[in-house]
Amino acid sequence: MNLNKKLFIVGIIGSVLCFAGDILLGCFTPSKEFGNPIIFPPFSDDWANSSPYRFVVGGLFGVIALLLMFCGFYAIYREMITKKCKYSKLFIICAFVFVSVGTLYHCVFAITAYTYNKLYNLQVLEAKLISEQLFYVFIAVASLAAVAFAGLSVYLFFVTITGKFNNKKWLSIFNPLLIMLVLIILSKILPANKVINGVFAWGQQSLALFIIFLIYSIRCNHNELYDNKKE
């Protein structure tokens with residue numbers, strides 16, 4: 001098994017772990033209200049009645065998962081270097097920013113959810129508002145992760161659709177941003193409940209990356225077998 005294959009497997013494990021963390025944080029009845037800055041989901045009222053340790057575990061899963069997922073990005077970057085894709089460093093820089101800032105995001109989100117739970121159970125009247133405002137302080141920094149994710153997705157789409165990264169141009173449809181768009185649409189048209197909210201609204205990014213790493217892992221394995229037959 002070559003190094004890229006191993007890196008993809010680690011990335012897949014990371015995406016599964018991240019999805020588990022997303023489910024712990026987001027598998028609740030969706031709130032009908034908007035979050036404080038509107039661009040992030042509102043804190044579910046169900047968080048107040050959940051175990052606070054659920055948020056601790058969910059946050060830890062997210063942090064560990066993002067570090068593992070970087071291996072998947074690095075494997076794609078290594079293949080880009082082999083294919084001599086121009087500006088491939090842009091991809092790995094975006095991946096690094098996404099992982100590093102995303103780690104902060106998961107920590108802060110878990111902390112604010114935990115804070116909301118504790119304040120509510122201490123009968124603090126503005127528990128939800130205080131927690132959302134605390135999270136709002138970090139949302140500007142966290143938005144860098146979204147920008148970086150969009151950047152690496154657009155670059156991957158461009159080098160794939162032009163055939164510079166892979167001779168199978170149809171692989172361009174397996175793009176993180178495009179997959180997330182499909183999952184977002186599904187979250188809007190499917191009936192609102194805890195499972196749909198957790199899987200499609202909160203777990204959309206980890207699901208998208210799981211699909212990407214899996215597809216490229218299979219492709220990597222196929223190329224390895226093809227090279228062995230040629231020898």
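The values are calculated or read from the model by the stated rules, or taken from the named source; none is laboratory data. For clarity, every value in this text was computed on a predicted model and none was experimentally measured. Every residue, glycine as well, gets a Cβ built from its backbone with ideal geometry; the counts of neighbours run over all protein chains shown. Heads up: the accessible areas ignore ligands, DNA and RNA and are worked out on the full protein's heavy atoms, side chains in. Shrake-Rupley method; radii C 1.70, N 1.55, O 1.52, S 1.80 Å.
Could you tell me whether region 124-198 comes out rounded, prolate or oblate from its Cα gyration tensor? Rule is a ≥ b ≥ c as square roots of the eigenvalues, rounded for a/c under 1.5, then prolate if a/b exceeds b/c, otherwise oblate. Here region 124-198 falls in the oblate category.
Spin-label model, I215/S100: points 7 Å from Cα along the beta carbon direction are separated by 2.8 nm.
Since only N167, V63, F98 are under comparison, the one whose Cα sits farthest along the positive direction of the charge dipole of the chain, derived from C-beta charges on Lys, Arg, Asp and Glu, is N167.
Could you give the angle, 0 to 90 degrees to the nearest 10, between helix 127-161's Cα long axis and the longest principal axis of the Cα atoms of the chain? Compared with the principal axis, the helix lies near 10 degrees. Looking at the chain, the accessible area is 53 square angstrom per residue; that uses a 1.4 Å probe and ignores ligands, DNA and RNA. Computed extension gain for L3 through K194, at 0.36 nm per residue and net of the alpha carbon distance, reaches 64.9 nm. Under the definition of Cα pairs under 8 Å and six or more residues apart, what whole-number percent is the relative contact order of the chain? About 30 percent, as a whole number.
Here the 3J(HN,Hα) profile of region 3-19, calculated from phi with Karplus coefficients 6.51, -1.76 and 1.60 at θ = phi - 60°, is 4, 4, 4, 5, 5, 5, 4, 4, x, 5, 4, x, 5, 5, 5, 5, 4 Hz, Gly and Pro shown as x.
Annotation for region 57-78 versus region 147-218: alpha-carbon center distance of 16 Å. Can you give me the angle between helix 52-82 and the longest principal axis of the chain, using Cα atoms only, in degrees from 0 to 90, rounded to the nearest 10? Rounded to the nearest ten degrees, it is 20. Which of rounded, prolate or oblate describes the chain when judged by the alpha-carbon gyration tensor and an a/c cut-off of 1.5? In terms of gyration-tensor shape, prolate.
Of R219, R78, the order by accessible heavy-atom surface (1.4 Å probe, DNA, RNA and ligands excluded), from most exposed downward, is R78, R219. Highest mean packing first, where packing is the average number of other Cβ atoms within 10 Å per residue, the peptides 53-61, 157-165, 66-74 line up as 66-74, 53-61, 157-165.
Between 0 and 90 degrees, the angle of helix 88-121 with respect to the longest Cα principal axis of the chain falls at about 20 degrees. Just the number, please: carbon plus sulfur as a percent of the accessible area of region 116-231, 1.4 Å probe, no ligands or DNA/RNA counted. About 68 percent, which is the carbon plus sulfur part of the accessible surface. For the pair A146 and T82, the difference between a 0.36 nm per residue extended length and the Cα-Cα distance amounts to 20.3 nm. Please compare each pair in K86/K188; K5/K86; K83/K188; K5/K84 to a cut-off of 29 Å on the Cα-Cα distance and tell me which ones are over it. Pairs exceeding the cut-off: K86/K188; K83/K188. Is any residue of region 85-113 close enough, with backbone N under 15 Å, to a label point placed 7 angstrom from the Cα of L67 along the Cα-Cβ axis, and if so, which? Once the point is set 7 Å along Cα→Cβ of L67, 99-107 turn out to lie under 15 Å by backbone N, inside region 85-113.
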